[in-house]
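A short write-up of the structure that comes next.
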There are 2 protein chains.
Amino acid sequence: MTAEGGLTGRTTTGPVGTDGRGVGDEERWARAAWSALAEPGDEVAGALLAQLGAAEAWRWVVANAGGRTALPQSASPRAAARLSRAVARWGPRARRLGVEGWSPGGPPPTRAAARVVVPGDPDWPSGLDALGAGAPSCLWVRGELGAAAVVALVGARAATAYGEGVAVDLAVGLARAGRVVVSGGAYGIDAAAHRGALAAGGRTVVVVAGGVDRAYPAGNARLVEEAVASGGAVVGEVPPGSLPTRSRFLQRNRLIAALGSATVVVEAAWRSGALSTAHHALRIGRPVGAVPGPVTSMASAGCHRLLRDGAAVCVTDAAEVLELAGAIGTDAAPEREGPARALDGVDPLARRVHDALGTRAPRPAETVARAAGVSSADAIAALGLLELAGLARNEGGGWTASPV
Amino acid sequence: MTAEGGLTGRTTTGPVGTDGRGVGDEERWARAAWSALAEPGDEVAGALLAQLGAAEAWRWVVANAGGRTALPQSASPRAAARLSRAVARWGPRARRLGVEGWSPGGPPPTRAAARVVVPGDPDWPSGLDALGAGAPSCLWVRGELGAAAVVALVGARAATAYGEGVAVDLAVGLARAGRVVVSGGAYGIDAAAHRGALAAGGRTVVVVAGGVDRAYPAGNARLVEEAVASGGAVVGEVPPGSLPTRSRFLQRNRLIAALGSATVVVEAAWRSGALSTAHHALRIGRPVGAVPGPVTSMASAGCHRLLRDGAAVCVTDAAEVLELAGAIGTDAAPEREGPARALDGVDPLARRVHDALGTRAPRPAETVARAAGVSSADAIAALGLLELAGLARNEGGGWTASPV
């Protein structure tokens, strides 16, 4: 499997930057071009784009990729060294792509089916900015990103029926609460999360490691199409046609974490890519939830590891996920209540007195006090309260417990 | 059900304080007598015993229980008020017991089958001292307490097969590690914990809410006898013959928590007595563990609640319980390892280079560099490392990935 960007030898047709809401066409073009040149998560590329702007950075790299590195004037020796290494890294691919023939405003490096979304666009997910220099230069999008709050549900491909069931339930609950469910489109938990959101009539976003024209795995192609058709999207940071390599899978996880206001791991083995998503979320300060499962299930071992390490909050239903993802106070999960019991709200002393009552033979207050180990005065006061609460009866010269 | 102490109308025979290792017979006798007079957890009684000594406190309460309260000279007005209320509380039972007829050195308030263990005895569990004034005045013991480290395993009576299985597994692991398993002798998780310890040839301690001569529930009587016969014990803080009342069950939980160097809740419903044991442990600064389970199981809801609240550490096997209970460092659970993978220990850049190799057609280093998005120099260095690790081969003028 090779890891080349998807622009090589392709006819590059279709619109890029034609809507240009606040972002110049040249800048948009250059960000798309950068997504073909630098691997996902390349922080030197990110820093260069931030410093020079994408178009200027592109002109710079085209001029320097041949080997003559003319550093930006402001560069420190340390930055210069990093930049030299980066140019050495970008050079082989730049030559292969033939970037000398590319120029801002020239043929856009995309295909008709995908849009390029860049920082400054109304639908650029602001959550990605937390990635700093590691943020993608652009997103390649099929479908709609929208502006609704997003929750990431991730987990193992080798999921159990239990895990998939919980993923569906959580996604249904999140979709009903108006949240977009983001996941990675893999088999197992990812697919269950997407399916649950769709089943509830909600929207879901599939983040892929390769090009958005390549549904990975192929068996989930239909699910991905359904996500797009239902108002959601499929999103990648490498150009259409690019292959999903191992390192791109790992980098993809940081996108999922950064898109979600919280990340929930439903099932994950002791070593699992889903844990990398959780750690990306933690690194950018986003809350992480983990769904517990049987300790006898290896598919839950990674979730238990997160709980044990204190890295994740234990979540057991959609309300708890919403609490995790939302502002505290507005989305607090309703406090669960067990069934009400007859002695709820009765103080400990009165409970002790109640314990000392029989249900048949009436007992004098003094006997009750002795049995309960309380003073006669306390017993008499407690019996009065219990009588008011319908929990004790005074008859035949003594006290009995009322049947409850 | 009445809550009277078990001394009334009984012949009180058998030895109390005959071994007197460092604790005077009179003091031992008086602590046993106090256990009949004051309800478990009575902090005024505890404070009085600490201040005056048990024998002197006994003489004082016998002299004052009739109603005339001569306060100790040192008492503050606030303490005096508490003491007056306590005497009013103790009075009815003192009159019923006829304590005027009791005196230190007189007939011991016990029966042959149980020993009285008091603070200062070699087998007094030092963990109980953390309860302060709420510590029991004595323990009534059948069997042996020993000096081994103790772990509390508790949980729901209405346990599932999953929960009972986990309780057995944990108890077996703890017993094999030389730990004593303490629990409450109830059906469900408690019984499974006791059974597991016994099955592994270990020792277990049953803490009962009533007298140690009353196995509660009756169906577990044989289990309790087996615990005693196998070098363990059944322990209570009220005299033999006493009934297990509701408030005594709740107070009993504090003993379980204080006896264990850690408390682990295996299964517990959203409201469960096992949670009260966990909260007692937290109150005295002991670590609490909770075993996760399926979120679809109501029997695990209380465990998940403890995890969610951050009150408990997630524990999934005996090694993790030992780590929780033991000194950090000496008992740290072995870091679990997934199966070793071929690329373990390979740095991310070399992994990317490895990803870019095919298994059949050899590729020139320059092609690999381009595909991986790394510099030629980095690719060549990485290929050299991969070759050394047996992960890549150089043949026919190019590089391939070795089958792993």
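All of the numbers you see were taken from the coordinates with simple rules; none came from a lab. Nothing here was measured: the structure is a model prediction, and the numbers come from that model. As a convention, Cβ positions derive from the backbone with ideal geometry for all residues, glycine included, and neighbour counts pool all protein chains shown.
Relative contact order of segment B:348-401: 45 percent, from C-alpha pairs under 8 Å at least 6 residues apart in sequence. Mean per-residue shielding of peptide A:301-307 is 4, counting Cβ atoms of other chains within 10 Å of each Cβ. Relative to the compact-globule estimate of 2.2 N^0.38 Å, the Cα radius of gyration of segment B:217-332 comes out at 1.15. In this structure, the amide hydrogen of B:Val180, modeled 1.01 Å from its nitrogen in the peptide plane, lies closer than 5 angstrom to those of B:Ala149, B:Val150, B:Val151, counting only residues at least 5 positions away or on a different chain.
Pairwise alpha-carbon distances in segment A:146-265 exceed 20 Å for 32% of all pairs. Averaged over the residues of A:285-298, the number of partner chain Cβ atoms lying within 10 Å of the residue Cβ comes to 5.
Across segment A:348-401 the C-alpha pair distances fall into 10 Å bins from zero in the proportions 32, 64, 5 percent. Remark on segment A:177-236: hydrodynamic radius 10.9 angstrom, per the Kirkwood mean of 1/r across alpha carbon pairs. Taking θ as phi - 60° and the Karplus parameters 6.51, -1.76 and 1.60, the scalar couplings of segment A:188-205 work out to x, 4, 4, 4, 4, 5, 4, 4, x, 4, 5, 4, 8, x, x, 10, 9, 10 Hz in sequence order, x denoting glycine and proline. Ranked by the mean number of other Cβ atoms within 10 Å per residue, highest first, peptides A:203-212, B:140-149 order as A:203-212, B:140-149. Each label was represented as a point 7 Å from its Cα along the Cα-to-Cβ direction; for B:Ala311 and A:Ala319 these points are 1.8 nm apart.
Among B:Leu307, A:Leu37, a tally of other beta-carbon atoms within 10 Å of each Cβ gives an order, fewest to most, of A:Leu37, B:Leu307.
With θ taken as phi - 60° and the Karplus curve 6.51 cos²θ - 1.76 cosθ + 1.60 applied, the whole-hertz 3J(HN,Hα) list for segment B:86-97 is 5, 5, 5, 6, 7, x, x, 6, 4, 5, 5, 6 Hz, x standing for glycine and proline. Overall dimensions of segment B:107-213, expressed as equivalent-ellipsoid semi-axes from the Cα gyration tensor (√(5λ), whole Å, largest first), are 26, 15, 13.
Between B:Ala81 and B:Arg283, the FRET efficiency from the beta-carbon distance, with R0 = 22 Å, is close to 0.30. Report the trypsin sites (Lys or Arg not before Pro) located in segment A:350-385 that are in a DSSP loop and have at most 12 other Cβ atoms inside 10 Å of their Cβ, or state none. Of the trypsin sites (Lys or Arg not before Pro), the ones in loops of segment A:350-385 whose Cβ has at most 12 other Cβ atoms within 10 Å are A:Arg360.
Under 5 Å between amide hydrogens, built in the peptide plane, is the criterion, and for A:Ile284 it picks out nothing among residues at least 5 positions away or on other chains. Annotation: amide H of A:Val313 within the under-5 Å range of A:Val288, A:Gly289, A:Ala290, sequence separation 5 or more or interchain, hydrogens built in the peptide plane.
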